[in-house]
Protein chains: 2
Amino acid sequence: MCNQLVRVWCSCLVLLMLSPGAHTLTPSDYMKMRSEMIDDDESSRIGANLVLSAAELKVNSIFMKEKRAMIESSLINRTIYSPSTSFYYSKSEIDQTYLYQLIHRMPKGAALHIHDQSMVSLDWIVKNVTYRENVYMCMWRKEYLIYRFFRKKPTKTTCDWKLVNDARKESGDVNKFDLEIHKSLSLIATDPFIDFPDSQVAWTRFIRFFYQIGKLLYYIPIFKEMLWQTMNEFREANIQYIEVRVSYLGLYDLSGTVYNREYCVQLVKEISDAFVQRYPDFIGMKVIFLGLRNHDESEILDEVKEVMVLHQKYPDVVAGYDMGGNEALYHPLSYYRDALLYPSQQDPPYHLPYFLHVGETIWQGTETGYNLVDALLLNATRVGHAYVLNKHPRLMKLYKDRDIPLEVQPLSNQVLRLVSDLRNHPMASLIANNYSVVISCDDRTTLDSAPLSHDFFLCFTAMSSERADLTLLKQLAINSIRFSSLDDVQKDRAMTLWQSKWNAFIAETEQSE
Amino acid sequence: MCNQLVRVWCSCLVLLMLSPGAHTLTPSDYMKMRSEMIDDDESSRIGANLVLSAAELKVNSIFMKEKRAMIESSLINRTIYSPSTSFYYSKSEIDQTYLYQLIHRMPKGAALHIHDQSMVSLDWIVKNVTYRENVYMCMWRKEYLIYRFFRKKPTKTTCDWKLVNDARKESGDVNKFDLEIHKSLSLIATDPFIDFPDSQVAWTRFIRFFYQIGKLLYYIPIFKEMLWQTMNEFREANIQYIEVRVSYLGLYDLSGTVYNREYCVQLVKEISDAFVQRYPDFIGMKVIFLGLRNHDESEILDEVKEVMVLHQKYPDVVAGYDMGGNEALYHPLSYYRDALLYPSQQDPPYHLPYFLHVGETIWQGTETGYNLVDALLLNATRVGHAYVLNKHPRLMKLYKDRDIPLEVQPLSNQVLRLVSDLRNHPMASLIANNYSVVISCDDRTTLDSAPLSHDFFLCFTAMSSERADLTLLKQLAINSIRFSSLDDVQKDRAMTLWQSKWNAFIAETEQSE
């Protein structure tokens, strides 16, 4: 059938090409060719080649009825299309849709781009972590509250630390107190479209979140619980596996001792193994260590060496290395060239997989954009964002030919002010052209979003064709396992697991109608 | 040199391709390949292959100094980048820049996509046309003022017509009175980003403008003056030639007589010839008749037949046919299939050139987007907007292979709310990939913008690489003549004329430094 389509398409093309001037299409030829050209165009999209079973087709019709109803309602009734608006407004509307509930329940495969300090639900931090003993807060430079564990109130500091539980009690209104914490940590407590006139302003506010909360989450008992809680939340959102960026800033205990990266790896292994033992329908969690772009090259070289050793020693836990932080503000990847080439220059060369944040910018032709080139030269296994890739046609071709997966984060890009209306997200064109895209949820804590579900929803409703159906979502789930760091045996297991969950989801959803 | 580059690039590619796993690039190889890949990527951009003369290079350095200063100022001082903001705010800032003044003075070739009822400066309408005798206004349905010529105040109407000059006198404040007219006609009197939450709302307001002013401009003496005034304004902005969409709604005189399309063609010819005689450095004006998508097929068939005859009879004035109006709201092109195929089905087939508005939408996979397919099947000579083309990879290839020029209107797309930050304009990726783009200024009267200059400026500062230089602007000017409807002899003349103006501009600008 596919061959036939190609043939028809070719003859259609020939016909067109042979008639640069006047032509004599009959009305019926016209409509036939029109429909073939539309089908052909649509067939280039991610997932378009998947063939759905009878049961899947029934479920597909539910998805499409919901999707079309949303679009038609906007086009015909001329109402605002909520997936195109600020998440500050759209979140509650999205959550109420049946389509969102379906996508939330749907098995989505792997979350390949999330960050350790912003992956658990914000509610859990506010309603659970800040209620623990030994949690202190202080107003930092009269600007915002920061949180941290101490054995006792620190004295040698200019910041006036106070036990959170004491402050909560004194406030006289626990709900209001907690709401204020929530608001101060969420990027969507107010409308980012108004508060952040551009990406730089958004980044300043975004980075504040990590100052506020980073140390709180790096207290060892909380870090362990957070790993468990995260896996639990992702599993409940029907996600089967996680690769987490760890921007290792030092796990600590109440004695003030700070532990090294290897200790962190062992913790992740311990919690992940325990979680998988408790929930055998979850594959586990791997770590991508994240270097920060404001560090100098020698620091990064030390990290690379350390991560290389850990990658060799814990191949089932350590997936590789990445560099993060505001690309526009700090060093380009080329500055770290020698450090990042280090593993490949060993004898024999060592392959340390790189998962690099690159091209997360709305500017074109700046060093941030050309980090895309470095990722190619550094033989990246996957890249994060690549927002600007569509403006670099030759690089696009290299990414496509080399099948380098792109980790796309719709919501993160919107809130960090790269794009307002997600229908203009540049990845829409790459999704339409079957690039190796995976969808992830980046920093969901401060985005106050669900594990993958909101991002999948937005990709489906705002970043793809009205015709793009369940095959898109299914392929995105398959992509996430296919492009994960699991080895072949683990991948087969993950795929089998996902498939059985998928089949169950299809059966349930079909029956529920 | 070009061959050498390709060779180096190939070897670089081979090297990359041969090392899917670990690789052993030396730091110097790395930097060499990096710079080659960036140059190669940049070389695919519109105009990248132009070789500048020594004088042009000097002028180029002025352009680039200005462009880079704007970008760097935003990146380093973290100020808002005005080309990325609403034209409501950016206009005054842009106008003050030396870069804008340079672009305004620069010979820009042809304006290929403008509309008769919105091509002259708004100031001229307010400060000149509304001061004429016999201009009446009335408040339409208590919503907005409409303007029209009458011999005397109409009585058989529910609208309370009043002479504008009387109302102006009675107002007691002429400036305020005129400012109110200006505001009521301009789409940027207030911020479109706030007033128009989406494209549909913007269109409603946009269409109002034509109800307000259309009849005023179709009064024959004014229409003639407007043609002259338009050519004058465009010539003063260093534009050499115009193709204007005429949405022929009936020229009239004070007796109430309405004249046909042929009369309109004769008028355009008369005024254009007179203007060219007065200013031999101007090529003139051609007409593209614009059918409206809310008409039914039989009406459009009648128009096509009429325009076919006029095209044959006045080949130097009538360039062809187009269909306009809100694509999302009215019929798709396929509805008019039989009417639009009519010329090609004559014996012998008649080639009536089509310049079709298509894909002016932020939606993907809707009928509006598939108008792109119809334009291909109808063998369009050029297309207007094609905003959604980048989301249709197979159609993109056909447009590229068949070299179909795309008439891009940055400002119109922003104000009509397809895109907010023009750095996200989808045409940025097609400009980077050397599609046949021409830049135009669509409905500049109500956008309150200059002939081409603002759109060229925005393309240069927001829709291209930081590295994109004078070669981009020069090629865009060349494209506009190359893709015009002028015949080969006329094109040669236009190109020679433009070239001599270009040389003068380069010489003057070089000397002024």
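Look at segment A:237-265: where a residue is in contact (Cβ under 8 Å) with a residue 12 or more places away in the chain and a partner is open to solvent by 50 Å² or more (accessible area, probe 1.4 Å) and hydrophobic (A, V, I, L, M, F, W, C), sitting 6+ places away or on another chain with Cβ atoms under 6 Å, you get A:Gly250/A:Val258; A:Tyr252/A:Val258.
Yes or no, residue by residue, for (1) touching a helix residue (DSSP H, G or I) at 6+ places or on another chain (Cβ under 7 Å); (2) over 13 Å from B:Glu225 (Cβ atoms):
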| site | (1), (2) |
| --- | --- |
| B:Ala111 | yes, yes |
| B:His115 | no, yes |
| B:Val120 | yes, no |
| B:Trp124 | yes, no |
| B:Asn128 | no, no |
| B:Glu133 | no, yes |
| B:Met137 | yes, yes |
| B:Lys142 | no, yes |
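The set of residues in segment B:317-368 that are among the β-branched types (Val, Ile, Thr) and not in a strand (DSSP E or B) comprises B:Val317, B:Thr361, B:Ile362, B:Thr366, B:Thr368.
Scanning segment A:459-513 for residues that are touching an Asp or Glu at 6+ places or on another chain (Cβ under 6 Å) and open to solvent by 60 Å² or more (accessible area, probe 1.4 Å) gives a single hit, A:Arg467.
Strands (runs of 3 or more DSSP E) wholly in segment A:87-179 with at least 1 residues that are among the basic types (Lys, Arg) - which ones? Walk me through how you get there before you give the answer.
Details: elements: A:110-115, A:135-140, A:144-149.
Answer list for segment A:87-179: A:144-149.
Only one entry in B:Tyr387, B:Tyr399 is under 22 Å from A:Ser44 (Cα atoms), open to solvent by less than 10 Å² (accessible area, probe 1.4 Å) and assigned to a loop (DSSP other than H, G, I, E, B), namely B:Tyr387.
How many residues are more than 8 Å from chain A (Cβ to nearest Cβ) and touching a residue at least 40 places away in the same chain (Cβ under 8 Å) if we restrict to segment B:389-401? Count: 1. For A:Asp178, the conditions (1) away from chain B (no Cβ under 14 Å); (2) closer than 24 Å to A:Lys91 by Cα; (3) free of Cβ contacts under 8 Å to residues at least 40 places away in the same chain; (4) not aromatic (Phe, Trp, Tyr) all hold with the exception of (3).
Results for (1) out of contact with any His (no Cβ under 9 Å at 6 or more places or on another chain); (2) closer than 24 Å to B:Glu299 by Cα; (3) among the charged types (D, E, K, R), shown as yes or no for each residue.
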| site | (1), (2), (3) |
| --- | --- |
| B:Ile207 | yes, yes, no |
| B:Tyr218 | yes, yes, no |
| B:Lys224 | yes, no, yes |
| B:Glu233 | yes, no, yes |
| B:Ile239 | yes, no, no |
| B:Arg245 | no, yes, yes |
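Within segment B:266-325, if we keep just the residues that are in contact with a Lys or Arg (Cβ under 9 Å, 6 or more places away or on another chain) and of a type in the set (D, E, K, R), the residue that is farthest from B:Ile239 (Cα to Cα) turns out to be B:Glu297.
Figure legend. Inter-residue proximity from segment B:435-446: first residues within 14 Å of B:Ser121 (Cβ to Cβ) and open to solvent by less than 10 Å² (accessible area, probe 1.4 Å), second residues assigned to a helix (DSSP H, G or I) and of a type in the set (A, V, I, L, M, F, W, C), beta-carbon distance below 6 Å, spacing 6+ or different chains. Indicated pairs: B:Thr445/B:Leu122; B:Thr446/B:Phe209.
Being hydroxyl-bearing (Ser, Thr, Tyr), open to solvent by 60 Å² or more (accessible area, probe 1.4 Å) and more than 20 Å from B:Phe223 (Cα to Cα), is that true of even one residue in segment B:176-186? There is no residue in segment B:176-186 that is hydroxyl-bearing (Ser, Thr, Tyr), open to solvent by 60 Å² or more (accessible area, probe 1.4 Å) and more than 20 Å from B:Phe223 (Cα to Cα).
Only one residue in B:Val304, B:Val373, B:Val309 is of a type in the set (Val, Ile, Thr), open to solvent by 10 Å² or more (accessible area, probe 1.4 Å) and in a helix (DSSP H, G or I). Which one? Walk me through it before giving the result.
Values: B:Val304 fails: open to solvent by 10 Å² or more (accessible area, probe 1.4 Å); B:Val373 fails: open to solvent by 10 Å² or more (accessible area, probe 1.4 Å).
None of the others qualify; the one that does is B:Val309.
Selection of segment B:336-363 for residues being charged (D, E, K, R) and within 11 Å of another protein chain (Cβ to nearest Cβ) yields B:Arg337, B:Asp338, B:Asp347.
How about segment B:402-423: which of its residues are surrounded by fewer than 21 Cβ atoms within 10 Å (Cβ to Cβ), without any contact (Cβ under 8 Å) to a residue 60 or more places away in the chain and on the phi < 0 side of the Ramachandran plot? Before the answer, list the steps.
Step one: filter segment B:402-423 for residues surrounded by fewer than 21 Cβ atoms within 10 Å (Cβ to Cβ), giving B:402-403, B:420.
Imposing the further condition that a residue be without any contact (Cβ under 8 Å) to a residue 60 or more places away in the chain reduces the set to B:402-403.
Hit for segment B:402-423 is B:Arg402, nothing else.
If only residues of segment A:18-73 that are modelled with pLDDT of 95 or more, facing another protein chain (nearest Cβ under 10 Å) and not in a helix (DSSP H, G or I) are counted, the one that is surrounded by the most Cβ atoms within 10 Å (Cβ to Cβ) is A:Arg45.
Of the candidates A:Leu470, A:Leu458, A:Leu497, A:Leu486, the single residue that is out of contact with any strand residue (DSSP E or B) (no Cβ under 6 Å at 6 or more places or on another chain), touching a residue at least 40 places away in the same chain (Cβ under 8 Å) and within 14 Å of chain B (Cβ to nearest Cβ) is A:Leu458.
Which ranges mark the helices (runs of 4 or more DSSP H) fully within segment B:450-513 that have 2 or more residues being more than 25 Å from B:Pro353 (Cα to Cα) and under 21 Å from the mean Cα position of the chain (by Cα)?
Working: elements: B:453-462, B:470-482, B:488-512.
Here the list reads B:453-462, B:470-482.
The values are calculated or read from the model by the stated rules, or taken from the named source; none is laboratory data. Not measured: the values here are computed from a predicted model. Note that each Cβ is placed from the backbone with ideal geometry, even for glycine, and that neighbours are counted across all protein chains shown. Accessible surface areas use protein heavy atoms only, side chains included; no ligands, DNA or RNA. Shrake-Rupley method; radii C 1.70, N 1.55, O 1.52, S 1.80 Å.
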